[in-house]
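Engineer: Quick one: the structure is below, and I'll ask about it shortly.
The values are calculated or read from the model by the stated rules, or taken from the named source; none is laboratory data. Bear in mind the structure is a predicted one, so any value in this text is a computation, not a measurement. Every residue, glycine as well, gets a Cβ built from its backbone with ideal geometry; the counts of neighbours run over all protein chains shown.
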Amino acid sequence: MATILITGGTGLIGSALTRLLLDRGYRVIILTRRKGDEGGSQTGDSGGGVPRGPEWARWDPETGFIDPEAIRRTDHIIHLAGAGVADRRWSKARKRVIVESRTKSSALVAKALKEIPNNVQAVISASAIGWYGPDPVVPNPQPFEESAPADDDFLGETCRLWEEAIHPVEEAGKRLVIIRTGIVLSGKGGALAEFRKPVRLGVAAILGSGRQVISWIHVDDLCRLYVAAIEQKEWRGVFNGVAPQPVDNRTLVLTLGRRLKGRYFVPVYVPSFFLKLALGEMSIEVLKSTTVSARRAREAGFQFIYPSIDSALDDLL
């Protein structure tokens, strides 16, 4: 089977994707900055020629180093690396880290593919639906499609620079697919864990008006989308990584409350001004309504296992 090189392989998406790829028989190499990880399979070989765990190789986007042998052995690259957008308040320094962690790592991948002899066929790169601005009206009858221009706010500009930095891989003759990812729902952390915290205390925290639309995707569907981008050789360009049925914040929170607490919870609206005080500039994204279309992925033949929020929560809860 083919060998897949993953950047950002230890994060929420990368970990789930690694498991799926290994289950499907792919060999996986994860690029890491941590000394001691590199140098072989994590759990050895199963005896049948397929490692039970990933291998590790060194890289450091800050210094421009990447293990050349890992590039030589790779058939496809999945590029997920980037500092967490919601991990902490957006200071000037943090915003710089968010941008540069994406652009420098993308530039390093592109440079490596130009300079190191390799047989890489495709690069599948993450981006985000932060590319798009707010819905012009709510609800929005015309969801954003891949051809829409980047917004001029911080995340829109970040995504534009991120995508520009990875595009030079095409100059090296590689097929490029970019997946603009929505809010990822997983049972192992991320956004769903944050939504669940107040519900556990009997409070369904509706943010702002609650009318803002969340374009989300189940982590398993997102991982399957990455695999499809590898296996479907005709896929090129940008695909939105979102479920076909977005949901507004109020519906999501109340549905979660009913699933976890039955009738024993209290809906509470968290005022916008409080979110702005608590989160600063990041509150813009929490309160922004962005309805994003999954049409291109579906027309390309991709079938979602979890198309609705009910089907996703049935699995995740």
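Engineer: Which one of Ile78, Ile98, Ile71, Ile66 is β-branched (Val, Ile, Thr), at pLDDT 95 or above, surrounded by 17 or more Cβ atoms within 10 Å (Cβ to Cβ) and closer than 30 Å to Leu277 by Cα?
Structural biologist: Ile98
Engineer: Would you call Gly280 surrounded by fewer than 16 Cβ atoms within 10 Å (Cβ to Cβ) and small (Gly, Ala, Ser)?
Structural biologist: On the way: surrounded by fewer than 16 Cβ atoms within 10 Å (Cβ to Cβ): yes; small (Gly, Ala, Ser): yes.
Spelling it out, Gly280 is indeed surrounded by fewer than 16 Cβ atoms within 10 Å (Cβ to Cβ) and small (Gly, Ala, Ser).
Engineer: Shifting gears a bit: Does the range 129-153 hold any residues that are under 19 Å from the mean Cα position of the chain (by Cα) and surrounded by 21 or more Cβ atoms within 10 Å (Cβ to Cβ), and which are they?
Structural biologist: Ile129, Gly130, Trp131, Tyr132, Phe144
Engineer: So how many residues does the range 188-234 have that are over 20 Å from Ser125 (Cβ atoms) and aliphatic (A, V, I, L, M)?
Structural biologist: 12
Engineer: Would you mind stating whether Ser127 is touching a Cys at 6+ places or on another chain (Cβ under 7 Å) and at pLDDT 95 or above?
Structural biologist: Working: touching a Cys at 6+ places or on another chain (Cβ under 7 Å): yes; at pLDDT 95 or above: yes.
Yes.
Engineer: When only residues in the range 289-310 that are in contact (Cβ under 8 Å) with a residue 24 or more places away in the chain and outside any loop (DSSP other than H, G, I, E, B) count, which is nearest to Tyr132 (Cα to Cα)?
Structural biologist: Val292
Engineer: Residues being among the aliphatic types (A, V, I, L, M) and part of a helix (DSSP H, G or I): count how many of those fall in the range 122-174.
Structural biologist: Of the residues in that region, 7 qualify.
Engineer: Output yes when any residue across the range 174-189 is over 25 Å from Ala278 (Cα atoms), modelled with pLDDT of 95 or more, surrounded by fewer than 17 Cβ atoms within 10 Å (Cβ to Cβ) and among the aliphatic types (A, V, I, L, M), and no when none is.
Structural biologist: no
Engineer: Filter the range 94-121 down to the residues that are in a helix (DSSP H, G or I) and more than 17 Å from Leu161 (Cα to Cα) and list them by number.
Structural biologist: Within the range 94-121, Ala112, Leu113, Lys114, Glu115 meet the criteria.
Engineer: Filter the range 1-56 down to residues that are modelled with pLDDT of 95 or more and farther than 25 Å from Leu108 by Cα, then give me how many there are.
Structural biologist: Total satisfying the criteria: 6.
Engineer: Check the range 154-164 and report whether any residue there is among the β-branched types (Val, Ile, Thr), at pLDDT 95 or above and either under 23 Å from Asn119 (Cα atoms) or surrounded by fewer than 18 Cβ atoms within 10 Å (Cβ to Cβ) (or both).
Structural biologist: no
Engineer: For the range 216-282, which strands (runs of 3 or more DSSP E) that fit wholly inside it have 1 or more residues that are at positive phi and in contact (Cβ under 8 Å) with a residue 60 or more places away in the chain? First the steps, then the outcome.
Structural biologist: Values: elements: 216-218, 237-241, 266-270.
Correct list: 237-241.
Engineer: Looking at the range 190-204 only, could you name the residues that are over 20 Å from Gly241 (Cβ atoms), surrounded by 15 or more Cβ atoms within 10 Å (Cβ to Cβ) and touching a helix residue (DSSP H, G or I) at 6+ places or on another chain (Cβ under 8 Å)? Quick ask: steps written out before the conclusion?
Structural biologist: If we filter the range 190-204 for residues that are over 20 Å from Gly241 (Cβ atoms), which is where we start, we get 196-204.
Cutting the leftovers down to surrounded by 15 or more Cβ atoms within 10 Å (Cβ to Cβ) gives us 196, 198-199, 203-204.
Listed by number, the residues that qualify are Arg196, Val199, Ala204.
Engineer: Here's a follow-up. Could you pull out the residue among Pro244, Pro168 that is at pLDDT 95 or above, closer than 17 Å to Asp310 by Cα and either of a type in the set (S, T, N, Q) or out of contact with any His (no Cβ under 8 Å at 6 or more places or on another chain) (or both)?
Structural biologist: Every option except Pro244 fails the conditions.
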